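Working notes, structure below.
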Amino acid sequence: MYKLYYSAGACSMAVHVALNEIGVKFELENVTGKLKSEEFLKVNSRGAVPVLKIDDFILREGAAILTYLLDNHENDLLPKSGLDRARALEWLSFANSTLHPAYSRLFFQHKILGEKAAENPLYKPSIAAVQNYWNEIEGQLKNSNYICGDKCSIADILLTVIANWSYAFQANILFGEKTKKLFNQVILRPSYKKALEAEGVTYKANQ
């Protein structure tokens, strides 16, 4: 039995989508705004989502959770071996360990400085770093519909989730036409639609 602890629209949504994709029974616990609560810190002392409870075992860190689920249930989001798997894991790692932290730096500046965040000397370089990553993604999509080729992978799911954070900032983060097409393809998947509805999230990055 699986139980997912999530915050609405956060990176945990990729796990939510993956759970929908593999068609297993699972329970949801919304911890939006409660990550530092005493109750949740007993579940994850790091105060972060996603957290997946697998019977009595607690698994943390999004990439580990996604890889576990897709390795143990039938799906077409993560190849089982070879260079196709390596490519999917590379882009999953990029989304999880490069793009996500770049957005986290922006969220931190807004949390500390509020409306004055844009006046911080680090703000424009932080926006530029995020933009450069999306420009790289646009280039990767030059000859394909998805980040790893012509099939959707779990990397596409996580990239699409992260992109929706962009409207929270005072500076525009722009997406190329191929990248927007990717988002539109991903959010049309029934698994993604179901997660958006369950979490009460409106998707804006494709506009």
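Overview of values
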quantity: Meets criteria (of a type in the set (S, T, Y) and surrounded by fewer than 18 Cβ atoms within 10 Å (Cβ to Cβ)) for S7; calculated: no
quantity: Checking F107 against (1) free of Cβ contacts under 8 Å to residues at least 40 places away in the same chain; (2) under 29 Å from E177 (Cβ atoms); (3) aromatic (F, W, Y), the condition it does not meet; calculated: (1)
quantity: Filter pass, L69 being farther than 30 Å from A128 by Cβ, within 20 Å of the chain's Cα centre (by Cα) and of a type outside the set (G, A, S); calculated: yes
quantity: Among (1) under 18 Å from S97 (Cα atoms); (2) touching a residue at least 60 places away in the same chain (Cβ under 8 Å); (3) open to solvent by 50 Å² or more (accessible area, probe 1.4 Å) - the single one K151 does not satisfy; calculated: (1)
quantity: Output for region 127-143, where each listed residue is over 14 Å from A168 (Cα atoms) and of a type outside the set (D, E, K, R); calculated: A128, A129, Q131, N132, Y133, W134, N135, I137, G139, Q140, L141, N143
quantity: Matching residues in region 1-16 - criterion: being at pLDDT 95 or above and either touching a Ser or Thr at 6+ places or on another chain (Cβ under 8 Å) or outside any helix (DSSP H, G or I) (or both); calculated: Y2, K3, L4, Y5, Y6, S7, A8, G9, A10, C11
quantity: Elements of type helices (runs of 4 or more DSSP H) contained in region 17-113, each with 3 or more residues being open to solvent by 80 Å² or more (accessible area, probe 1.4 Å); calculated: 38-43, 82-94, 100-113
quantity: From the options N164, N172, N184, residue that is at pLDDT 95 or above, open to solvent by 50 Å² or more (accessible area, probe 1.4 Å) and among the polar types (S, T, N, Q); calculated: N184
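The values are calculated or read from the model by the stated rules, or taken from the named source; none is laboratory data. In this text, all values refer to a predicted model and were calculated from it rather than measured experimentally. Every residue, glycine among them, receives a Cβ derived from its backbone with ideal geometry; neighbour counts consider all protein chains shown. Surface areas here come from the heavy atoms of the whole protein model, side chains and all, with no ligands, DNA or RNA. Shrake-Rupley method; radii C 1.70, N 1.55, O 1.52, S 1.80 Å.
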